[in-house]
2 protein chains.
Amino acid sequence: MQKETVTIPARSGKAARVERGQSVTVINTHGSQVVDTWAFNAEHLGEWMSMEHSRPYYMKLRPEVGDTLVTNERRPILTLTEDTAGGAHDTLIAACDAPRYGLLGVTEYHDNCADNLTAGLAELGLTKPVTPSPLNLFMNIPWTEGGELSWEEPLSEPGSYVTLRAEMDLVIAFSACPQDILPINGRAGQPTEAHFRID
Amino acid sequence: MQKETVTIPARSGKAARVERGQSVTVINTHGSQVVDTWAFNAEHLGEWMSMEHSRPYYMKLRPEVGDTLVTNERRPILTLTEDTAGGAHDTLIAACDAPRYGLLGVTEYHDNCADNLTAGLAELGLTKPVTPSPLNLFMNIPWTEGGELSWEEPLSEPGSYVTLRAEMDLVIAFSACPQDILPINGRAGQPTEAHFRID
């Protein structure tokens with residue numbers, strides 16, 4: 001049976017339920033779109049995928065194929081099983097939000113990943129307990145030996161994808177990041193749609 | 001007037017109220033003790049110092065003298081104004097907690113920083129909304145070019161200190177980390193007291 005490919009519309013959020021053992025493939029359809037990704041225990045949204053708990057679990061700044069991300073209760077929630085996107089994903093940077101665009105000089109409302117998480121979960125009738133620090137798929141934030149960070153373009157190409165296996169029944173949520181001031185979604189500053197599929 | 005120096009007892013937590021403009025000096029009394037540090041808006045504990053919001057603010061893996069940490073609402077909360085401890089502080093690793101010691105093979109209750117935050121705030125009649133990812137003062141977690149992390153001993157010496165200036169009225173909380181399995185508090189695995197002073 002052909003599995004449905006779901007669109008994450010440009011600048012928007014989308015969430016889905018995933019059963020333990022299923023795999024979620026996140027596709028960078030147009031090649032340079034950052035996709036903020038969250039996961040919550042389906043039975044208890046107070047348990048969520050946590051970057052600060054996952055780093056000590058695999059002792060890396062970012063997960064690689066074979067690494068398992070854990071929750072704020074230190075239980076496995078997602079394993080990275082495939083990555084054709086060059087490995088540059090970010091675990092360091094908070095989701096963009098209204099105050100973020102204020103600091104960047106935006107005076108009107110700007111779409112943002114924190115609100116997109118809220119909206120994506122709302123379509124499933126769910127409310128986020130907080131905005132956890134996301135797994136920013138395809139987001140290229142290199143570090144130097146001295147610890148400096150920089151905003152760079154994704155290394156991915158059109159059709160690049162990442163596959164994550166669910167280690168518990170969970171709710172996954174995505175935001176096609178609407179950042180159009182910093183170059184994280186490509187120098188053109190043109191946020192696009194992305195897609196995902198659950199197998 | 002001689003300012004009071006407050007003890008953070010070994011393996012324990014302690015919190016205090018700090019007014020905007022005051023400075024908090026955290027002293028590594030015995031030289032190799034990690035001190036997990038949190039700060040909350042005194043008027044609204046739902047606003048807290050956030051590592052994932054601070055990293056994009058100063059674009060570094062860890063703050064250096066002159067850098068300002070911000071809250072989950074992206075407002076300045078603490079500025080690092082002095083550091084005699086060699087600069088190795090961690091922003092990447094979650095506070096230790098009961099499940100952490102479970103993963104390390106501990107079967108009985110083990111003191112932990114998450115519970116110490118709870119206890120420190122309770123002495124002020126306060127309840128934490130969540131356990132934010134802490135600023136781990138004196139905690140030495142180097143990274144490699146490839147992104148690998150490792151657990152290392154502090155670079156600090158007896159009497160090394162860090163000073164933080166309050167940018168809003170806040171509640172600061174500390175835990176003298178009770179980690180005695182990994183070498184983060186020195187190879188001897190002997191957690192000690194530490195001290196702080198508010199000027």
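The values are calculated or read from the model by the stated rules, or taken from the named source; none is laboratory data. Quick caveat, the model's predicted, so the values are computed rather than measured. Every residue, glycine among them, receives a Cβ derived from its backbone with ideal geometry; neighbour counts consider all protein chains shown. Protein only, heavy atoms only, side chains kept; ligands, DNA and RNA dropped before computing areas. Shrake-Rupley method; radii C 1.70, N 1.55, O 1.52, S 1.80 Å.
Quick notes on this structure:
- Comparing chain A with the 2.2 N^0.38 Å rule of thumb, its C-alpha radius of gyration ratio is 0.94 (two decimals).
- Threshold 40 Å², the range A:42-65 residues less accessible with all protein chains present than alone (1.4 Å probe): A:E52, A:R55, A:P56, A:M59, A:L61
- Residues of the protein assembly as shown: accessible area per residue with a 1.4 Å probe, Å²: 39 Å²
- Cα centroid separation - the range A:124-199 against the range A:19-33, whole Å: 10 Å
- Shape box of the protein assembly as shown [Cα atoms, principal axes, largest first, Å]: 72, 50, 40
- A label point on B:L155, set 7 Å along the Cα-to-Cβ line, lies at 2.7 nm from each of its counterparts in the other copies, closest listed first.
- Over the range B:33-150, the fraction of Cα-Cα pairs per 5 Å bin, rounded to whole percents and listed from the shortest bin up, is 2, 11, 19, 22, 20, 15, 8, 3, 0.
- In this assembly, the B-A interface accounts for approximately 2700 Å² of buried accessible surface in total, computed with a 1.4 Å probe and without ligands, DNA or RNA.
- With R₀ set to 25 Å, the beta-carbon distance separating B:T7 from B:Y109 gives a calculated FRET efficiency near 0.65.
- Taken about its Cα centre, the protein assembly as shown carries a charge dipole of roughly 320 debye when the Cβ of each Lys and Arg holds +1 and the Cβ of each Asp and Glu holds -1.
- Longest DSSP-loop-exposure-free segment, trypsin sites (Lys or Arg not before Pro), chain A, at most 13 other Cβ within 10 Å: A:21-186
- Scattering profile of the range B:1-101 at q = 0.15 Å⁻¹ [log10 I(q)/I(0), Debye over alpha-carbon scatterers]: -0.72
- For B:L104, inter-copy label distances in nm, listed shortest first [label point 7 Å out on the Cα-Cβ vector]: 3.9
- Those chymotrypsin sites (Phe, Trp or Tyr not before Pro) in the range A:114-199 that DSSP places in a loop and that have at most 15 other beta carbons within 10 Å: none
- Note: relative contact order over chain B, using C-alpha pairs below 8 Å and six or more positions apart, is 44 percent.
- For the range B:132-178, accessible area lost to neighbouring protein chains reaches 10 Å² or more, against the chain alone with a 1.4 Å probe, at B:S133, B:W143, B:E145, B:G146, B:G147, B:E148, B:L149, B:W151.
- Under the Karplus curve 6.51 cos²θ - 1.76 cosθ + 1.60, θ = phi - 60°, whole-Hz ³J(HN,Hα) for the range B:96-101, x wherever Gly or Pro sits: 5, 8, 4, x, 4, 6
- Solvent-accessible area, 1.4 Å probe, carbon plus sulfur percent, for the range B:49-143: 49 percent
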